[in-house]
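The values are calculated or read from the model by the stated rules, or taken from the named source; none is laboratory data. Computed from a predicted model, the values in this text were never measured in an experiment. In this analysis, Cβ positions are derived from the backbone assuming ideal geometry, glycine residues included, and neighbour counts consider all displayed protein chains.
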Amino acid sequence: ALTTGIVGLPNVGKSTLFNAITQAGAESANYPFCTIDPNVGIVEVPDERLQKLTEMVDPHKTVPTAFEFTDIAGIVEGASKGEGLGNKFLSHIREVDAISHVVRCFDDENITHVSGSVDPIRDIQIINLELILADLETVEKRIGKVEKMAKSKDKDAMAEFEVLKKLLHAFENEKPARSVELTKEEQKIAKGFQLLTAKPVLYAANVSEDEITDVEGNQYVQKVREFAKEENSEVITICAKIEAEIAELDGEEKQEFLDDLGIEESGLDQLIRAAYQLLGLDTYFTAGKQEVRAWTIRNGTKAPQAAGVIHTDFERGFIRAEIVSYEDLVSAGSMAKAKEQGNVRLEGKEYIVKDGDVVHFRFNV
Ligand code: GDP
């Protein structure tokens, strides 16, 4: 399963946030494909469309889709030197598909900062530098292997060497791979290096309880935003402490609490949706009397593989998919009406399932 790793220096609010994630946690029985591991938190993906479909179909049950966050604990500074725990830290990062980087943007005299003061950019750079150094080593090794072949005009080696030089230049200037402009072809080559700093990053600026409703006044957040913009990363603001409180509430109570604070959507829900997007994930729906349910696919997945997310038999025996877009279905008011209006299509094996498609698969058993 795809997963987002949560990283951050000590005392920035990482565990508080991760606890909120596991507290809010999804009913794992619904998601047998998810990893069972204390360092993995399964979250349900908030989606208003699922609510609307439920109202329309009135099913026995409704199941949101879910995905995972992994808590990447461990020593950060000096990780690239490969000492014990540091090595582990890097290998955990290698396994995740995207990174949520928690950054301390709150002042609190009672909570010591490992570096003595609150400075989110310095904090970000401490972690990023370790990852950059690890990537630098990867790239240098690779250069050692292809340089000669490139100089003797081997076409593939030359193309690879060009990409390596660009990356090397970035790393020497302490810039991550994701900040390097590459053509489509070059991106393909770079993918093969499995660089840590090529993974998409989302910065979660952890602000104090009294600032969550007015983050614009927080200078730390402004700085993080500027920094993130330069490397094409995204920022969300969150108050981990409040999220931990919210996570203990259920639906209605949660809404009241948010209304009291004057917040539209909890920081955790924002984080979940942003991470989902960052991972390049789409949602399609199945909507029957038994169950209305959201399912996750990677962007660009074809119908049989999308069916395979439900069950491997669906993929193996795939015949056709009956598809209506969420918008068409809701505006029609029912599946029967949508059919009357000619908005339900039959699609075959080559069809790429789109975000918001409501699907009924036909398959042989
Ligand atoms: P970690 O070391 O990054 O996992 O940090 P923790 O989650 O253990 O948090 C360190 C301390 O900061 C704890 O005492 C938390 O209660 C506190 N903390 C975390 N988030 C916030 C926050 O948003 N506001 C304030 N004031 N304190 C927080």
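When segment 145-174 is filtered for residues that are of a type outside the set (A, V, I, L, M, F, W, C), modelled with pLDDT under 95 and part of a helix (DSSP H, G or I), the ones remaining, listed by number, are 145, 147, 148, 151, 155, 156.
Set side by side, the residues 177, 159 differ, and just one is small (Gly, Ala, Ser) and closer than 17 Å to residue 90 by Cβ, which is 177.
Here's the yes/no breakdown for (1) in contact with a helix residue (DSSP H, G or I) (Cβ under 8 Å, 6 or more places away or on another chain); (2) more than 13 Å from residue 106 (Cα to Cα); (3) within 16 Å of the ligand (Cβ to nearest atom); (4) β-branched (Val, Ile, Thr):
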residue	(1), (2), (3), (4)
211	yes, no, yes, no
231	yes, yes, no, no
253	no, yes, no, no
260	no, yes, no, no
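Whether any residue in segment 112-121 is more than 14 Å from the ligand (Cβ to nearest atom), of a type outside the set (Gly, Ala, Ser) and either at pLDDT 80 or above or in a strand (DSSP E or B) (or both) is what I want to check. Yes, segment 112-121 has at least one match. Checked against (1) without any contact (Cβ under 8 Å) to a residue 60 or more places away in the chain; (2) among the hydrophobic types (A, V, I, L, M, F, W, C); (3) surrounded by 14 or more Cβ atoms within 10 Å (Cβ to Cβ), residue 274 passes all but condition (1).
Considering segment 239-252, the residues that are out of contact with any strand residue (DSSP E or B) (no Cβ under 8 Å at 6 or more places or on another chain) and in a loop (DSSP other than H, G, I, E, B) include one that is farthest from residue 48 (Cα to Cα), namely 248. Restricted to segment 8-30, and to residues there that are buried (at least 17 other Cβ atoms within 10 Å of the Cβ) and over 14 Å from residue 41 (Cα atoms), the residue that is farthest from the ligand (Cβ to nearest atom) is 9.
Just wondering, is there one or more residues in segment 188-198 that are β-branched (Val, Ile, Thr) and within 16 Å of the ligand (Cβ to nearest atom)?
Among the residues of segment 188-198, not one is β-branched (Val, Ile, Thr) and within 16 Å of the ligand (Cβ to nearest atom), which makes the answer no.
Checking the structure you have, find out if any residue of segment 245-265 is modelled with pLDDT of 90 or more and of a type in the set (Gly, Ala, Ser). No: zero hits. Among the residues of segment 175-186, the one identified as of a type in the set (S, T, N, Q) and either part of a loop (DSSP other than H, G, I, E, B) or buried (at least 16 other Cβ atoms within 10 Å of the Cβ) (or both) is 183. Taking the listed residues 54, 65, the one that is β-branched (Val, Ile, Thr), modelled with pLDDT of 95 or more and more than 16 Å from the ligand (Cβ to nearest atom) is 54, with no other qualifying. The set of residues in segment 31-51 that are in contact with a Leu (Cβ under 9 Å, 6 or more places away or on another chain) and either over 20 Å from residue 266 (Cβ atoms) or within 13 Å of the ligand (Cβ to nearest atom) (or both) is empty.
Condition check: surrounded by fewer than 22 Cβ atoms within 10 Å (Cβ to Cβ), within 12 Å of the ligand (Cβ to nearest atom), more than 18 Å from the chain's Cα centre (by Cα) and closer than 16 Å to residue 102 by Cβ. Does residue 223 satisfy that?
Details: surrounded by fewer than 22 Cβ atoms within 10 Å (Cβ to Cβ): yes; within 12 Å of the ligand (Cβ to nearest atom): no; more than 18 Å from the chain's Cα centre (by Cα): yes; closer than 16 Å to residue 102 by Cβ: yes.
When the stated conditions are applied, residue 223 does not pass them.
Do you know which residues across segment 253-303 are within 30 Å of residue 209 (Cβ to Cβ) and not in a helix (DSSP H, G or I)? The answer is 262, 263, 264, 265, 266, 279.
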